[in-house]
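The values are calculated or read from the model by the stated rules, or taken from the named source; none is laboratory data. As the structure is a prediction and not an experimental result, all values here were calculated from the model. Neighbour counts are summed over all protein chains in view; Cβ atoms, including those assigned to glycine, are modelled from backbone coordinates with ideal geometry. Note: accessible area is taken over every heavy atom of the protein model, side chains too, but ligands, DNA and RNA are not part of it. Shrake-Rupley method; radii C 1.70, N 1.55, O 1.52, S 1.80 Å.
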Amino acid sequence: MRFLTGLQPSGKLHIGNYFGAIQAAIDLQNKGEAFYFIANYHAMTTSPDAETLRANTYEMAIDLLACGLDPEKAVFFAQSSVPEVNELAWILSTVCPMGLLERCHSYKDKIAKGFSPNHALFAYPALMAADILLYDSDAVPVGKDQKQHLEVTRDLAGKINDAYGEGLLRMPEAIISEVTAIVPGLDGQKMSKSYGNTLPVFGEEKALRKLINKKVVTDATPLEDPKPTEGSIILALYKLFATPAQYEEMVAAHQRGGVGYGQFKKDLFEAYWEYFRAARERREWILANPGYVDEVLAAGALKAREEASKVISRVRKAVGLI
Ligand code: ADP
Ligand code: TRP
């Protein structure tokens, strides 16, 4: 079974990304062949500044490696290291009806957010289909928001196979993480960069302690009174990091009263800080070893390109490009 997923290099990872997508995706490296790439061509559609793109790409690579992506087990590379993907995207575009792209939510959402309706943004799903089909992927773990793009991918693979021969492109399945609960932000809305309510996975201890202390929203129940457990942001976040016994203890302390929110926030910080200790140490090691990330990505690119070249030569031949 070959798994493949792409991650947009969009700045600092937050715990919503971690628990909602990254943890489960990285776990697949133990369940089969895993391909992970940083979708830097895709990021260009909304991040046109070269230095920002480069820095975000490195930051994403560092963070994923710190979070446990193991380059000994998985193939890890930057999308742009395999430019053949653009050729496959072009070939897919020739069978891609305009209406299919016009119906895509992500394009409409981006336009609604004020991005200029450029061709790359419009053609994004065709490139994403190429990302998947270029590596003969069997299964693609993605968030619910990407479900439609997987449908486009299957649709395009079907059209190519109808036109040029059954089995030319492997038909991938989506693995949609329906079960993942939405991680609440510090203010209780969905955690998201666009709401400015995130808790980063990595950062400086003092600043993060302060962030939790100042920004996690609570009600005004006095210290001595019992506190509501329903809708508690502290409890929802604590549950992600604490053992079941620690979590039950905090629920009981809410119900008993006599403990203030300041203490609960302190407990939340400690559990969070401990949870990412190993990842933080790996990250520090990576930062202290310049060259490591480049080496990993170069080795990944080599393997990825080898796989890609099999598919692209098969396709070129089938469509009459030689
Ligand atoms: P943001 O909303 O901060 O821009 P992204 O859209 O870049 O986050 O999210 C990348 C991935 O992380 C998606 O697959 C999404 O499902 C997951 N994710 C983001 N925020 C959350 C959240 N609050 N809870 C669960 N999963 C999340
Ligand atoms: N579009 C995906 C996102 O925004 C990222 C992505 C690009 C991707 N290509 C992919 C995901 C291929 C899975 C497979 O999150």
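Taking 37 °C and 0.692 mPa s as the conditions, I'd like the Stokes-Einstein D for the stretch 193-322 in µm²/s, using the Kirkwood hydrodynamic radius from alpha carbon pairs.
Diffusion coefficient, whole number: 176 µm²/s.
Which net charge results when you count Lys and Arg as +1 and Asp and Glu as -1 among the other residues whose beta-carbon is under 10 Å from that of LYS12?
Details: positive: LYS193; negative: GLU59, ASP63.
Neighbourhood net charge equals -1.
Counting only pairs 8 or more places apart or on different chains, how many lysine pairs in the stretch 1-139 have C-alpha atoms closer than 27 Å? Could the numbers behind the result be given before it?
On the way: LYS12/LYS73; LYS12/LYS108; LYS12/LYS110; LYS12/LYS113; LYS31/LYS73.
For the stretch 1-139, the number of qualifying lysine pairs is 5.
Rounded to two decimal places and with Rh computed the Kirkwood way over Cα pairs, what is Rg over Rh for the stretch 153-257?
1.27
Among the DSSP beta bridges whose two residues both lie in the chain, what percent are antiparallel, rounded to the nearest 5?
On the way: 2 of 18 bridges.
Restricted to the chain, the bridges split so that about 10 percent are antiparallel.
Filter the GluC sites (Glu not before Pro) in the stretch 35-74 to those in DSSP coil with at most 16 other Cβ atoms within 10 Å of their Cβ, and list the result.
GLU72
Calculate, axis by axis, the spread of Cα positions in the stretch 239-285 along the three principal axes, and write the results as whole Å, longest axis first.
Result for the stretch 239-285: principal-axis Cα extents of 43, 21, 10 Å.
Quick one: among PRO184, PRO48, PRO125, which has the greatest mean-square fluctuation in a GNM of the chain with alpha-carbon springs under 10 angstrom?
PRO48
Calculate one ³J(HN,Hα) per residue across the stretch 106-113 by plugging θ = phi - 60° into the Karplus curve 6.51 cos²θ - 1.76 cosθ + 1.60, and present them in order as whole Hz with x for glycine and proline.
Working through the residues one at a time gives 5, 5, 4, 5, 5, 5, 4, 7 Hz.
Which is the longest run of the chain containing none of the trypsin sites (Lys or Arg not before Pro) found in DSSP loop states (not H, G, I, E, B) with at most 10 other C-beta atoms within 10 Å?
In the chain, the maximal stretch lacking such sites is 114-322.
Of ILE62, ILE212, which has the most accessible area with a 1.4 Å probe, and how do the rest follow in descending order?
From most exposed to least exposed: ILE62, ILE212.
With r as the distance between the Cβ atoms of GLU151 and ASP187 and R0 = 51 Å, compute the FRET efficiency 1/(1 + (r/R0)^6) and round to 0.05.
Once the sixth-power term is evaluated, E becomes 0.95.
Answer rounded, prolate or oblate for the stretch 93-177, using the Cα gyration tensor with square roots of eigenvalues a ≥ b ≥ c: rounded when a/c is under 1.5, else prolate when a/b is larger than b/c, else oblate.
Working: a/c = 2.48, a/b = 1.45, b/c = 1.71.
Oblate, because a/c is 1.5 or more while a/b does not exceed b/c.
Give, rounded to the nearest 20 debye, the magnitude of the charge dipole that the stretch 42-153 has about its Cα centre when Lys and Arg contribute +1 at Cβ and Asp and Glu contribute -1 at Cβ.
480 debye
Compute and list, largest first, the equivalent-ellipsoid semi-axes of the stretch 201-262 from the alpha carbon gyration tensor, each √(5λ) rounded to a whole angstrom. Display every interim value, and only then the final one.
Values: eigenvalues 88, 46, 18 Å².
Semi-axes from the Cα gyration tensor: 21, 15, 9 Å.
So what is the relative contact order of the chain, in percent, for Cα pairs below 8 Å that sit 6 or more residues apart? Write out the running numbers ahead of the final one.
Working: 438 pairs, mean separation 73.1, N = 322.
In percent, rounded to a whole number, it is 23.
Quick one: if you stick a label point 7 Å off each Cα along the C-beta vector at THR221 and TYR292, how many nm between them?
Roughly 4.3 nm, to one decimal.
Taking only Cα atoms, what is the 0 to 90° angle, nearest 10, from helix 50-66's long axis to the longest principal axis of the chain?
It is inclined by approximately 70 degrees.
Using +1 on the beta carbon of Lys and Arg, -1 on that of Asp and Glu, and nothing else charged, what's the dipole of the chain about the Cα centre, debye to 20?
In debye, rounded to 20, the chain gives about 420.
Taking the Cα atoms only, what angle lies between the long axis of helix 84-93 and the longest principal axis of the chain, rounded to 10 degrees?
Tilt of helix 84-93: around 80 degrees.
With the Cα gyration tensor of the stretch 53-117 in hand, give its eigenvalues times 5 under a square root as the equivalent ellipsoid semi-axes, listed largest first in whole angstrom. Don't jump to the answer; show the numbers that get you there.
Values: eigenvalues 178, 70, 25 Å².
Three semi-axes, in Å: 30, 19, 11.
Could you go through the stretch 159-170 in sequence order and give the Karplus-derived ³J(HN,Hα) for each residue, using 6.51 cos²θ - 1.76 cosθ + 1.60 with θ = phi - 60°, rounded to whole Hz, and x for Gly and Pro?
Calculated HN-Hα couplings, in order: 5, 5, 5, 5, 7, 10, x, 4, x, 4, 10, 6 Hz.
Just to confirm the number: angle between the C-alpha axis of helix 205-215 and the first principal axis of the chain, 0 to 90 degrees, nearest 10?
The angle comes out at about 70 degrees.
Quick check: at a probe of 1.4 Å, how many percent of the accessible area of the chain sits on carbon and sulfur atoms?
55 percent
Just want the answer: with Cβ charges of +1 for Lys and Arg and -1 for Asp and Glu, which residue in ALA43, PRO244, HIS14 is farthest toward the dipole's positive end in the chain?
ALA43
From the P(r) of the stretch 1-116, could you give the percentage of C-alpha pairs in the tail past 16 Å?
Distances greater than 16 Å cover 67 percent of the Cα pairs.
What is the distance, in nm, between label points placed 7 Å from the Cα along the Cα-to-Cβ direction at MET44 and at ARG103?
Taking the two extended label points, one gets 2.9 nm.
Determine the order of GLU306, GLU33 by accessible area, beginning with the largest, at a probe radius of 1.4 Å.
On the way: GLU306 110, GLU33 90 Å².
In descending accessible area the options line up as GLU306, GLU33.
Can you list the residues of the stretch 259-281 with backbone N under 17 Å from a point 7 Å past the Cα of ALA252, pointing along Cα to Cβ?
The answer is 259-260, 264, whose backbone nitrogens lie closer than 17 Å to the label point.
So, with +1 on the Cβ of K and R and -1 on the Cβ of D and E, and no other charges, what is the size of the charge dipole of the stretch 107-235 about its Cα centre, to the nearest 20 debye?
Charge dipole, the stretch 107-235, about its Cα centre: 600 debye, nearest 20.
Viscosity 1.002 mPa s, temperature 20 °C: Stokes-Einstein D of the stretch 244-315 from its Kirkwood Cα radius, in µm² per second?
The calculation lands on 128 µm²/s.
Distances longer than 38 Å among the Cα atoms of the chain: what percent of all pairs is that?
Of the Cα pairs, 23 percent sit more than 38 Å apart.
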